[in-house]
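The values are calculated or read from the model by the stated rules, or taken from the named source; none is laboratory data. Source: prediction; values computed, not measured. Cβ atoms come from the backbone with ideal geometry, glycine included; neighbour counts cover every protein chain shown. Remember, those area values only see protein heavy atoms, side chains included, never the ligands or the DNA or RNA. Shrake-Rupley method; radii C 1.70, N 1.55, O 1.52, S 1.80 Å.
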Amino acid sequence: MSLHTVVGLILALASTTLTNIAYLREHDAAAALPVLSMRRPLHSARLLLEDRSWMLGFAMETGGFLLYAAALALASLALVQTIGAGGIGVLAYLSARLGGRRLGRRELGGVILSVLGLLALAVSLAGGSGAGGKGSTAGILLWLGASVGAALLVLLVARKLLGFAVAAAFAGGLFFSVGDISTKVATEGGIRVLFVLTLLLGYTAGTALLQIGYQSGGALTVAGLATLLTNALPIAAGTVVLDEPVPPGAYGGLRVLAFAAVTIGAFLLARPDAAAAPRSA
């Protein structure tokens with residue numbers, strides 16, 4: 001494992017911690033605002049931008065993104081996203097402790113799986129293969145297009161079945177995954193700098209949907225569901241379309257288990273026990 005990969009993973013850990021704290025601040029601020037609507041984007045944007053508490057959370061999220069972009073320039077997409085997925089487990093535990101409540105069984109299971117996944121990832125790094133691949137531009141565009149299409153389908157069809165908060169979280173997570181993958185590709189330079197366009201699309205739409213979802217759902221549920229897709233899809237994309245290598249033998253199997261553990265852990269945190277779910281303003 002190279003020094004670049006180690007530094008990249010440290011930056012990824014700092015990024016996910018700062019970003020998840022930002023999500024909590026944004027949730028509290030957005031839940032206290034008048035109703036936000038995608039049909040009135042300028043009005044909704046003005047409400048958010050005029051709220052100091054939300055702006056502080058957004059500034060923290062921006063700082064987390066800058067650390068994330070730096071991490072992607074040094075380590076593979078799959079490894080960085082695994083750190084991001086596992087980080088929410090640690091944060092869920094700390095937020096529950098600071099909030100004076102106990103974790104439910106599903107939440108506790110999510111925390112344990114996420115931490116075990118991070119430990120498994122750390123051990124697997126001894127097998128090397130921390131650098132990222134490049135993949136084909138056509139394959140990347142096809143993946144991003146399918147993600148956007150799935151997000152729109154969720155908003156148009158699934159919102160009546162799942163409720164708007166859950167639908168917004170799923171669609172927001174899909175859009176965030178578009179931004180994350182685009183960030184990795186754009187850091188390669190050259191003509192791929194143009195992926196900044198899909199980066200802006202993904203993060204803008206994802207942020208907007210998350211704020212609207214916060215008004216009708218708890219922070220851990222909405223941010224947890226979004227984080228599930230935000231991390232699981234880029235992890236898969238790293239191997240499928242970016243040709244990022246997995247180390248052979250036992251180290252490779254351990255890394256696959258790490259990916260699975262943090263993904264399942266994020267899913268459990270996204271659907272906490274009813275008694276342990278945080279109150280929604």
Within the range 158-216, considering residues that are polar (S, T, N, Q) and over 15 Å from the mean Cα position of the chain (by Cα), the one surrounded by the fewest Cβ atoms within 10 Å (Cβ to Cβ): 216
Filter pass, residue 253 being assigned to a helix (DSSP H, G or I), free of Cβ contacts under 8 Å to residues at least 12 places away in the same chain and either closer than 14 Å to residue 80 by Cα or not basic (Lys, Arg) (or both): yes
Where residue 12 falls short, out of the listed (1) among the aliphatic types (A, V, I, L, M); (2) surrounded by 21 or more Cβ atoms within 10 Å (Cβ to Cβ); (3) within 18 Å of residue 176 (Cα to Cα); (4) modelled with pLDDT under 80: (4)
Extreme residue, most open to solvent (accessible area, probe 1.4 Å), among residues of the range 15-35 that are closer than 21 Å to residue 71 by Cβ and either free of Cβ contacts under 8 Å to residues at least 24 places away in the same chain or among the hydroxyl-bearing types (Ser, Thr, Tyr) (or both): 17
1 or more residues of a type in the set (Gly, Ala, Ser), over 26 Å from residue 193 (Cβ atoms) and modelled with pLDDT of 80 or more: qualifying helices (runs of 4 or more DSSP H) within the range 22-98: 41-49, 52-72
Residue list for the range 34-50, filter: touching a helix residue (DSSP H, G or I) at 6+ places or on another chain (Cβ under 6 Å) and more than 18 Å from residue 216 (Cβ to Cβ): none
Residue match in the range 53-63 (condition: without any contact (Cβ under 8 Å) to a residue 40 or more places away in the chain and charged (D, E, K, R)): no
Criterion: in contact (Cβ under 8 Å) with a residue 40 or more places away in the chain, assigned to a helix (DSSP H, G or I) and not basic (Lys, Arg) - qualifying residue of 242, 200, 210, 194: 210
Within the range 222-246, considering residues that are of a type in the set (Ser, Thr, Tyr) and open to solvent by less than 30 Å² (accessible area, probe 1.4 Å), the one nearest to residue 150 (Cα to Cα): 230
Search result, residues across the range 36-46 that are surrounded by fewer than 19 Cβ atoms within 10 Å (Cβ to Cβ) and not small (Gly, Ala, Ser): 38, 39, 40, 41, 42, 43, 46
Of all residues in the range 47-67 being of a type in the set (Gly, Ala, Ser) and open to solvent by 40 Å² or more (accessible area, probe 1.4 Å), the one that is farthest from residue 176 (Cα to Cα): 53
